[in-house]
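Data first, discussion second: the structure below is written as structure tokens.
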Amino acid sequence: MGDFEIIDLFAGPGGLDMGAHSLGIPVTGIEFDAHACATRRAFAKTVGDEGPYMRTEEADVRDCHPEKYGSANVLTAGPPCQTFSVAGTGTGRKNLDMVLGFLHRMGDGEDVTAELENLEDPRTGLVLEPLKWVLARHDSNPFDVIVMEQVPAVLPVWHAVARVLRDRGYAAEAGVLHTEEYGVPQTRKRALLIARREGPVTFPALTHQRYKKGHAPVEDHPEGRLPWASMDSVLKRGAFTVVSNYGTGGDPKKRGRRTQADPAFTVTGKIGRNRLVSPDGRDLGRFTASEAGLLQTFPRDYPWQGIDNDVQQQIGNAIPPLLAAHILTAALGLPSRPAGQVLGYDGF
């Protein structure tokens, strides 16, 4: 494999695209949400003619034709996670067996499009859209590399997709990554699938230590991994404690707490519900959009577009650009770089 060009499905505000941009790889992102598209276009204007292109097509992935993007030899996708995430509706998790049944039928050559659209929540079927693209181009112009990521609840789907891809000659593997093990100042788990026509598949090498609550990082890690990145390492806002509302069901007794010396809790579209307090208990407000973006490893000045709730949702839905850069480096077989040199801006 030589030069790469990416078509990114469900591209969001540009998390994976930022990772690709840092590696000098052109990418076209298809995204339905108007605010996320506005954010992507605003960033593209700041880049201008410098570096590779980062294009945006505002469209529903289901209405686009894979053959239109024939020059793209890499398919990446992060389908919407609301029906699979613990912070979402849960219908995807309840319908997992049904989804796997559809997937196996797709692997046998059946068209299940109409049935997917009639699911209890049509968003559940979007997790199979990347496979539809792979199968549509397999006989005429197959993708060389495929990367899919989602919340951990989707891992059984990715394992099943991997089996379908192996039957078509790909080397394919699926697993779960912990973002803090790649220098992201946040604990966030993502289910990842990587497939290559020219194997083998290699997952990104770990660069940082996994976060352990109540423990300090190991000073001399036996495998040379760096300490996990703290919130303070990117926010620089002094001492504070985050009081999380994530996964509590509204129960104040279940609200977790972390200080600026820890990585952030998982950044979701509801990050605005988290409170910041000073060591003496004073209310310090909430994370700004810029700060939430930094915890996802976007640049401090990333041009988020939309009202507050829209921006929070964009940030929470995005794959961290730093993680994306590590994933693409491994998936495409590119030379690895020191952790601090993966992105082209300060703080990582």
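Quick one: in the stretch 271-290, of everything that is modelled with pLDDT of 95 or more and assigned to a strand (DSSP E or B), which residue is farthest from the chain's Cα centre (by Cα)?
Filtering first and then ranking leaves Asp283.
Within the stretch 1-59, how many residues are among the basic types (Lys, Arg) and under 13 Å from Ala318 (Cα atoms)?
The qualifying residues number 1.
Given the criterion free of Cβ contacts under 8 Å to residues at least 24 places away in the same chain and surrounded by fewer than 21 Cβ atoms within 10 Å (Cβ to Cβ), identify the matching residue among His215, His138. Let's see the steps before the verdict.
Numbers: His138 fails: free of Cβ contacts under 8 Å to residues at least 24 places away in the same chain.
None of the others qualify; the one that does is His215.
Please find, within the stretch 185-203, the residue that is farthest from Leu332 (Cα to Cα) out of those that are touching a Phe, Trp or Tyr at 6+ places or on another chain (Cβ under 9 Å) and surrounded by fewer than 21 Cβ atoms within 10 Å (Cβ to Cβ). Lay out the reasoning, then the answer.
Just the residues of the stretch 185-203 that are touching a Phe, Trp or Tyr at 6+ places or on another chain (Cβ under 9 Å), to begin with: 185-188, 191-197, 199, 201.
Adding the requirement that they be surrounded by fewer than 21 Cβ atoms within 10 Å (Cβ to Cβ) leaves 187, 197, 199, 201.
On the way: Thr187: 25, Arg197: 11, Gly199: 10, Val201: 9 Å.
Filtering the stretch 185-203 for residues that are touching a Phe, Trp or Tyr at 6+ places or on another chain (Cβ under 9 Å) and surrounded by fewer than 21 Cβ atoms within 10 Å (Cβ to Cβ), the one farthest from Leu332 (Cα to Cα) comes out as Thr187.
Which residues, counting only those in the stretch 230-265, are under 21 Å from the mean Cα position of the chain (by Cα), modelled with pLDDT of 95 or more and of a type in the set (Ser, Thr, Tyr)?
Matches in the stretch 230-265: Ser230 only.
Within the stretch 148-202, can you find the residues that are touching a Lys or Arg at 6+ places or on another chain (Cβ under 8 Å) and of a type in the set (D, E, K, R)?
Once the filter is applied, which keeps residues that are touching a Lys or Arg at 6+ places or on another chain (Cβ under 8 Å) and of a type in the set (D, E, K, R), the stretch 148-202 yields Glu149, Glu180, Glu181.
Filter the stretch 197-228 down to residues that are under 15 Å from Gly183 (Cα atoms) and in contact with a Gly (Cβ under 9 Å, 6 or more places away or on another chain), then give me how many there are.
4
For the stretch 119-155, which positions are farther than 22 Å from Asp17 by Cα and not in a helix (DSSP H, G or I)?
Selection gives Leu119, Glu120, Asp121, His138, Asp139, Ser140, Asn141.
Any residue in the stretch 31-46 that is under 20 Å from Thr76 (Cα atoms) and in contact (Cβ under 8 Å) with a residue 24 or more places away in the chain sitting within a Cβ distance under 6 Å of a residue that is among the hydrophobic types (A, V, I, L, M, F, W, C) and in a helix (DSSP H, G or I)? List the pairs, counting only those 6 or more apart or interchain.
Pairs found: Glu31/Cys37.
Look through Thr297, Thr268 and report the one residue that is on the phi > 0 side of the Ramachandran plot, in the same structural domain as Lys236 (by TED's automatic domain parsing) and assigned to a loop (DSSP other than H, G, I, E, B).
Values: Thr268 fails: on the phi > 0 side of the Ramachandran plot.
Selected residue: Thr297, the only one of Thr297, Thr268 that is on the phi > 0 side of the Ramachandran plot, in the same structural domain as Lys236 (by TED's automatic domain parsing) and assigned to a loop (DSSP other than H, G, I, E, B).
Are any residues in the stretch 17-39 in a helix (DSSP H, G or I) and modelled with pLDDT of 95 or more, and if so, which ones?
Step one: list which residues in the stretch 17-39 are in a helix (DSSP H, G or I), which gives 17-22, 34-39.
Of everything in the stretch 17-39, those that are in a helix (DSSP H, G or I) and modelled with pLDDT of 95 or more turn out to be Ala34, His35, Ala36, Cys37, Ala38, Thr39.
Within the stretch 319-333, which residues are closer than 21 Å to Val234 by Cα, in a helix (DSSP H, G or I) and either among the aromatic types (Phe, Trp, Tyr) or touching a Ser or Thr at 6+ places or on another chain (Cβ under 8 Å) (or both)?
Across the stretch 319-333, the qualifying residues are Pro321, Leu322, Leu323, Ala325, His326.
Within the stretch 144-153, is there a residue that is modelled with pLDDT of 80 or more and over 20 Å from the mean Cα position of the chain (by Cα)? Spell out how you get there, then give the answer.
Restricting attention to the stretch 144-153, the residues satisfying the condition of being modelled with pLDDT of 80 or more are 144-153.
Then drop every residue that is not over 20 Å from the mean Cα position of the chain (by Cα), which leaves 144.
Among the residues of the stretch 144-153, at least one is modelled with pLDDT of 80 or more and over 20 Å from the mean Cα position of the chain (by Cα), which makes the answer yes.
Based on what the data block shows, is Arg55 of a type in the set (Lys, Arg), at pLDDT 90 or above, in the same structural domain as Leu23 (by TED's automatic domain parsing) and assigned to a helix (DSSP H, G or I)? Outline the logic, then answer.
Working: of a type in the set (Lys, Arg): yes; at pLDDT 90 or above: yes; in the same structural domain as Leu23 (by TED's automatic domain parsing): yes; assigned to a helix (DSSP H, G or I): no.
It is false that Arg55 is of a type in the set (Lys, Arg), at pLDDT 90 or above, in the same structural domain as Leu23 (by TED's automatic domain parsing) and assigned to a helix (DSSP H, G or I).
Would you check which residues across the stretch 65-118 are at pLDDT below 85, assigned to a loop (DSSP other than H, G, I, E, B) and closer than 23 Å to Leu16 by Cβ and list them?
Across the stretch 65-118, the qualifying residues are Pro80, Cys81, Gln82, Thr83, Phe84, Ser85, Val86, Ala87, Gly88.
Could you say which residue among Ala239, Ala191 is within 30 Å of Pro142 (Cα to Cα), in contact with a Pro (Cβ under 8 Å, 6 or more places away or on another chain) and free of Cβ contacts under 8 Å to residues at least 60 places away in the same chain?
Details: Ala239 fails: within 30 Å of Pro142 (Cα to Cα).
Sole residue among the options that is within 30 Å of Pro142 (Cα to Cα), in contact with a Pro (Cβ under 8 Å, 6 or more places away or on another chain) and free of Cβ contacts under 8 Å to residues at least 60 places away in the same chain: Ala191.
The values are calculated or read from the model by the stated rules, or taken from the named source; none is laboratory data. Everything numeric in this text was worked out from a predicted model, so none of it was measured. Positions of Cβ are generated from backbone atoms using ideal geometry, with glycine treated the same way; all protein chains shown enter the neighbour counts.
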